[in-house]
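Working notes, beginning with the structure itself.
Values quoted throughout were computed directly from the atomic coordinates according to the rules given, and no laboratory measurement underlies them. All figures in this text were calculated on a predicted structure; none of them were measured in a lab. Reconstructed Cβ throughout: ideal geometry from the backbone, glycine too, with neighbour counts over all protein chains shown.
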Amino acid sequence: MRLSDHEFLHIVDYVRGRYGIDLSNKRTLISGRLENYLLREGYRTYSEYIQLVEQNPTGSEAGNLIDVLTTNHTYFMRESLHFEYLQKTVLPWVKAKEEKRNRDVRIWSAASSTGEEPYTIEMVLNDFFSLDNRWDTQLLATDISARVLEKAKSGIYLGEQLNPLPDKWKRRYFRPINADEYQVVPSLRQQVVFRQFNLMDMIPFKGLFHVVFLRNVMIYFEEETKRKLLERIYQHMEDGGYLFIGTTESIDKTSADFQYIRPSIYRKKV
Ligand SMILES: C[S@@+](CC[C@H](N)C(=O)[O-])C[C@H]1O[C@@H](n2cnc3c(N)ncnc32)[C@H](O)[C@@H]1O
């Protein structure tokens, strides 16, 4: 099936407008990922499909488009210096701040993909607060793709995916379910609240976050989209709250008032 210039630009415009994702130099990715699906579903042209998506942007075909076109690569302990910094610097600050308030730790994994990032954060939280049940350590994990959220909620991973984790966490938080796969124990799964959320939308979550993980997602956005997103996130953070971005990403100095701490770690002004 041929993807014409017109169809290509149409898909690029739609995805950029609705999800902020810039696919303008990803022509092969679009045709490579969509073609088989369209043929299987009996579409004759890309236009036929994109028109259907546009007519019902919250429908299943629109959901499928974003499932197919997003890149969801992630793994446990990715950019492990962030988890070390969380444990050694950020959580002591949260503890000191919240101890005399309501002992509520508010962390958001804002592009959580298949769950490896939020589950890693939750394991750090459990270690730090030693499962002290006076502390509310539930965390929010969101992504735009329903497919990755289903996978994240199931908490099922191949044995080899657990390799980066320390042995004590593998033993404590995973159970084998067959010869190849392990599942996150229910007590840890219940600590992570997964929701579908488009980072282009107004942030509907109540309460100000102490920590936001916004890692390896802004690479797909244009500068202006990034700037507006960072402003919205800034408004939803506690004073002194920490923002982690991917180690290959950067924040332009005019983006909100985030204070630079070290590469990929920023802070809202205290
Ligand atoms: C490469 S993964 C990053 C996963 C994890 N944060 C990490 O660093 O390993 C990027 C994720 O961003 C999500 N994403 C892309 N555009 C989005 C949007 N507009 N709103 C919410 N999530 C989005 C994708 O579905 C994908 O799961």
Set 26/228; 206/226; 206/269; 151/253; 26/168 screened for pairs whose C-alpha atoms are more than 31 Å apart: 151/253; 26/168
Most fluctuating residue given options 69, 39, 140, as computed from a GNM of the chain linking Cα atoms under 10 Å: 39
Where labels lie 7 Å past Cα in the beta-carbon direction, separation of residue 260 and residue 5 in nm: 4.1
Farthest toward positive dipole pole in the chain [+1 Lys/Arg, -1 Asp/Glu at C-beta], among 3, 69, 264: 264
Isotropically averaged projected area of the range 100-174, using the convex hull of Cα atoms (one quarter of hull area), nm²: 5.6
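Can you give the local net charge around residue 14? Use residues other than it whose beta-carbon is closer than 13 angstrom to its beta-carbon, Lys and Arg +1, Asp and Glu -1.
-3
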Distance (nanometres) between label positions extended 7 Å along Cα→Cβ at residue 54 and residue 33: 2.0
Quotient of Cα Rg and 2.2 N^0.38 Å for the chain, N being how many residues it contains: 1.07
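State the extension gain, in nm to one decimal, for the chain segment bounded by residue 269 and residue 178, taking 0.36 nm per residue of separation less the distance between their alpha-carbons. It would help to have the intermediate numbers written out before the result.
Working: separation 91, 0.36 × 91 = 32.76 nm, distance 4.84 nm.
Between residue 269 and residue 178, full extension yields an extra 27.9 nm.
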Given charges at beta-carbon only (K, R positive; D, E negative), |dipole| of the range 5-69 in Debye: 160
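Are there any trypsin sites (Lys or Arg not before Pro) in the range 20-79 that are in a DSSP loop and have at most 10 other Cβ atoms within 10 Å? List them by number. Walk me through the intermediate numbers first.
Working: sites: 26, 27, 33, 40, 44, 78; in loops: 26, 44, 78.
Sparse-neighbourhood loop trypsin sites (Lys or Arg not before Pro): 44.
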Label-point gap, in nm, between residue 80 and residue 104 - each point 7 angstrom along Cα→Cβ: 3.4
Value of [θ]222 nm, deg cm²/dmol, for the chain, DSSP H segments ≥ 4, -39500 (n - 2.57) each, nearest 500: -11500 deg cm²/dmol
The range 81-267, dipole about Cα centre (Lys/Arg Cβ +1, Asp/Glu Cβ -1), debye to the nearest 20: 520
Relative contact order (%) - the chain, alpha-carbon pairs under 8 angstrom, separation at least six: 17
Cα centroid separation, the range 221-270 to the range 136-205 (Å): 25
